[in-house]
Amino acid sequence: MKLKKSKYSLGQLKTVKSSQLAVIINYTILIILGVFFLIPFFWMIITAFKTPYQTYNNPDLFFPSPWTMQNFKDVFAQSPVLYFIKNSVVVTFFSVIGAVISSTLAGYGFGRLRWKGREVIFSIVLIGMMVPKQAIMIPVYLNFQKLGLINTLYPLILPSVFSASVKGAFYIFTIRQFIMIIPRDIDEAAEIDGCGPFRIYYRIILPLLTPAIGSILVFSFMENWNNFLDAIIYLNDELKYTLAIGIQYFKTQSMTDWNKIMCISIISLLPAIIVFFLGQKRLVNGINLNASKG
């Protein structure tokens, strides 16, 4: 019987086996890390469906027995959680829309228009990315205090609307880098047809910025929906709380109601998860295109 000769040499077979082994090791490590990072989310979910008795008197109980929705009912009955949701939606909606409009306009000005001092001002914008938010927190607070905007939602919205934040500088940089990829021949053809700078912006450039805008939408949503620091600094009235700080509603000096806190955490987390998975592809595309230009 004649044996069939392998088309792979011994060295090639060793290379294939080592590559397969490396893949197995990498996936094993990723699975272990994934499980490790999912444990807090799993604990949050099962705690939300446990009774307080099970949580405090039987903490070793792995799954709720029985599963209960009473904690969610109590959250809506005992706290102004609907106000928290409404405030978070208002802040996030206007902040995201404002961030997209201001960053695309500024990025278009830096990436397309020629004007004196453009590079100097753009360098100042880049420096703004390196300044920690905590370094300017006190002067910003004093300015809002002089304007009488403390305990309102405006301090949470206005910095994003005008891209006057560390993330705002990043958004402008992203748009500017993306615009520089677009050939200038498009602008010149539009100018021949009688288009001015603003018409070129919203009729030609803006539709081409869809991947970059998609990444900004996701980043801005995550930033504003989960904005804890600004909310806890500027908001004093419980009816004006956002979900990010509304979680502390069930935490007092004497006790912490973990079941209800986990319920609010789930309510707060769901929109962020949905937006991330819906915008994940655009987010990655926007970052990759920006990196290729950089």
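Details
- Options Thr104, Thr92: the member that is at pLDDT 90 or above and farther than 10 Å from Ile172 by Cα: Thr92
- Evaluated against (1) at pLDDT below 85; (2) farther than 26 Å from Ser160 by Cβ; (3) surrounded by fewer than 16 Cβ atoms within 10 Å (Cβ to Cβ); (4) not small (Gly, Ala, Ser), Lys281 falls short on exactly one condition, (2).
- Considering Gln145, Gln134, the condition of being of a type outside the set (Val, Ile, Thr), exposed (fewer than 15 other Cβ atoms within 10 Å of the Cβ) and within 20 Å of Trp225 (Cα to Cα) is satisfied by Gln134 alone.
- Selection of first residues in the stretch 170-189 that are farther than 17 Å from Pro159 by Cβ and of second residues that are among the hydroxyl-bearing types (Ser, Thr, Tyr) and crowded, with 24+ Cβ neighbours inside 10 Å, restricted to Cβ pairs under 6 Å at least 6 apart or on distinct chains, gives the following pairs, ordered by first then second residue: Ile175/Ser103; Ile175/Thr104.
- Residues of the stretch 28-63 classified as surrounded by 11 or more Cβ atoms within 10 Å (Cβ to Cβ), part of a loop (DSSP other than H, G, I, E, B) and within 32 Å of the chain's Cα centre (by Cα), total: 2
- Test set (1) within 25 Å of the chain's Cα centre (by Cα); (2) among the small types (Gly, Ala, Ser); (3) at pLDDT below 90 - Gly98 fails condition number: (3)
- Residue identified as at pLDDT 90 or above and charged (D, E, K, R) among Lys251, Lys240: Lys240
- Check on Phe250, in contact with a strand residue (DSSP E or B) (Cβ under 9 Å, 6 or more places away or on another chain) and either within 28 Å of Phe277 (Cα to Cα) or surrounded by 15 or more Cβ atoms within 10 Å (Cβ to Cβ) (or both): yes
- Note on the stretch 175-195: residues that are assigned to a helix (DSSP H, G or I) and among the aliphatic types (A, V, I, L, M) total 6.
The values are calculated or read from the model by the stated rules, or taken from the named source; none is laboratory data. Because the structure is a prediction, the values reported are computed rather than measured. Don't worry about glycine lacking a Cβ; one is built from the backbone with ideal geometry, like all the others, and counts go over all protein chains shown.
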